[in-house]
Structures are given as structure tokens and as C-alpha cells.
1. If packing is taken as the average count of other Cβ atoms within 10 Å, what order do 44-53, 182-191 fall into, highest mean first?
2. Along the stretch 171-183, what does the Karplus equation 6.51 cos²θ - 1.76 cosθ + 1.60 (θ = phi - 60°) give for ³J(HN,Hα), rounded to whole Hz, x for Gly and Pro?
3. Got a number for carbon plus sulfur as a percent of the stretch 53-244's accessible area, 1.4 Å probe?
4. How far is it, in nm, from the label point at ASP70 to the one at SER48 when both lie 7 Å from their Cα along the line to the Cβ?
5. Identify all aspartates and glutamates with a Cα-Cα distance to LYS94 below 19 Å; exclude those on the same chain that are fewer than 8 residues away in sequence.
6. Based on the Cβ-Cβ distance from HIS149 to HIS59, what FRET efficiency comes out when R0 is 22 Å, to the nearest 0.05?
7. Can you give me the long-range amide H partners of ARG100? Hydrogens built in the peptide plane at 1.01 Å from N, cutoff under 5 Å, separation of 5 or more residues or another chain.
8. Residue-wise, which Karplus ³J(HN,Hα) couplings in Hz belong to the stretch 112-119, taking 6.51 cos²θ - 1.76 cosθ + 1.60, θ = phi - 60°, and x for glycine or proline?
Amino acid sequence: MSLLVFSVPLLSAVVVMTAVFRSPLLALCRQLYSGTLRRSHRKVCVSSTHAYVFSNCTHGQAQSVLLTFDLYSTTHTSFNIGPQKGEFLDEIVKREAPRRVLELGTHCGYASVRILRLLPPSGKLLTVELDPLTADRGEEIILVAGFKHQQFQVLTCSSAEAISSLLSHTGNDLLDLVLMDHDPELYLQDLLALQRGNLLSTSCVVLINRALTPGARDLLEYVTARPQSFSMGRQLDGLMEIRCHTAA
Ligand SMILES: C[S@@+](CC[C@H](N)C(=O)[O-])C[C@H]1O[C@@H](n2cnc3c(N)ncnc32)[C@H](O)[C@@H]1O
Ligand SMILES: *[C@@H]1O[C@H](CO)[C@@H](O)[C@H](O)[C@H]1NC(C)=O
């Protein structure tokens, strides 16, 4: 009898709790599961892209490395900017002839190779990748393309960490070109950190990829509200050019 007295309210409490927490709990599980899946998918993508390019390109030839990446993307999902936006990037690198370039989000090194092959002789690329395995693979591809460590450096850390220690890596030189292709949610805070640190040269170009995704909205609002400090350049398929006018 006493067991019944206790267990009836207990049972109903359990039923109520389950009903209340069921959907948030399910949502949490789904989120954890899809997060793990996304991460492992990204690793697979990095490994298979790297393996494909490494074994199918002509070592020492940047153009062959790029063509092999492009061939891979015709049959596989791929996270690099690809050939169309790549040509847009090429035009900007040729026009600006930047001495110091910062890329946020190295991935397998596709955009890094595109940039490096067009830099002036004194030009240097600093490219930042959060994931250590990806950073290793990216660095290897850049070396396979024939570039030397005097021309580039891969930093394995977050964009925020890289920006806070930037001058020690550029030898106090300011940035002429920044490619943001890491996480649109971080674009604005990273741009603000670059400005706070006075790290941008007087007419630096900032290229942002995936500019039309909701994550990049903060950055676009910030930039368009300040026409005296920024002018909007061209945009191709979400790759957008912003010129900064920093007071000298
Ligand atoms: C779209 S891929 C970059 C593609 C590369 N720019 C290209 O075109 O070849 C984005 C990369 O940014 C990296 N990433 C994400 N968040 C980051 C952060 N906060 N700091 C540095 N890298 C980050 C990811 O690990 C991923 O490899
Ligand atoms: C190299 O390319 C061939 C032909 O596209 C492909 O079948 C092969 O899997 C590639 N190699 C690697 C290691 O991915």
C-alpha cells in the first residue's frame, strides 16, 4: 500500500518531466550527433582532398595543383573557393600586388596556392587554420605546389589568436590584403581586432567569402554604415571585396 502511495506521484512526476524535457533533450541529442557528423565529414573531406591532390598533381607546379583540386571538385564536395571565385581572387591579387597577405581558414591550401603564385617577389602569405590535422595537410599541399617557407607560414590557431600575435609573424609589416574564409560569425570581431591593432595598411583590401550567409550580416551592416571608412567593391557569388580607408 505504502509503495503504491509513493510510486503513483513518482510515476506521474517522471511522466511530466519526460514530456517537458523530451523535445529539448531530443534537440540536444540531434545537435550533438550532427555536430560530430559534421566534424568527421570535414576530416574525411580534408583527407580525401589531400590524398587526391597529392597523388594526382605534378609536384612543384602550382597550376597543376590547382587544376587537380578543380578536377576533384567536379565529383566531390569541396570546401575551397573554387575556380570562378578563384579567378576573382586572382584579379585582386594581381591588381593590389600585396606584400603582406593574411588568409583566415587555410583548409587544404587551395586559395593559399592561388594567392602565392601571384604575389610579388617580396610578398608573403600568412595563413591561419584552427584544426591541426587540416593545417598539416594544407601546409603539405602548399609545399607540394613548390612554395617555400620564406614565402608563407601556416599558423595553427584560431583567427583571434593569430590576429593578437600578428606583428611578431609579419615583422611589424601591415596587411595589404586579408581573405576571410573561416567562420562568418567571426568576421566582424576579427575585422574589429585587426583595426584595433592597427594591422591594416592605409588602403587594405578585405575579401570576405560567404558574404551572403546570415553569419556575415553583422559585418556587412557595420561596414555599410561607415562609408567614410569602407567602400564596397565587387561581389561574386558571395565573395565580396571591401576596401578599408584607414587614417594614416
Ligand atoms: C571554407 S574552409 C577555407 C577554404 C580555403 N580558404 C580555400 O579556399 O582553399 C574554412 C576553414 O576555416 C577553418 N576555421 C574555422 N574556424 C576558424 C577559426 N576561428 N580560426 C581559424 N580557422 C578556422 C576550418 O577548419 C576550415 O578548414
Ligand atoms: C587520382 O585520380 C584518379 C582518377 O581521377 C582517382 O581514381 C584516384 O582515386 C586519385 N587518387 C587518389 C589517391 O585519390
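1. Packing proxy ranking, top to bottom: 182-191, 44-53.
2. x, 6, 7, 7, 8, 9, 8, 10, 10, 9, 9, 9, 8
3. 51 percent
4. 2.2 nm
5. Correct list for LYS94: GLU103, ASP176, GLU241.
6. According to the calculation, E is roughly 0.85.
7. Amide H to amide H, under 5 Å and 5 or more residues apart or across chains, ARG100 pairs with LYS124, ASP176, LEU177.
8. 4, 5, 4, 5, 4, 5, 10, 6
The values are calculated or read from the model by the stated rules, or taken from the named source; none is laboratory data. Everything numeric in this text was worked out from a predicted model, so none of it was measured. Backbone-built Cβ (ideal geometry, glycine too); neighbour counts: all protein chains shown. These area figures cover heavy atoms from the full protein model, side chains too; ligands, DNA and RNA do not enter into them. Shrake-Rupley method; radii C 1.70, N 1.55, O 1.52, S 1.80 Å.
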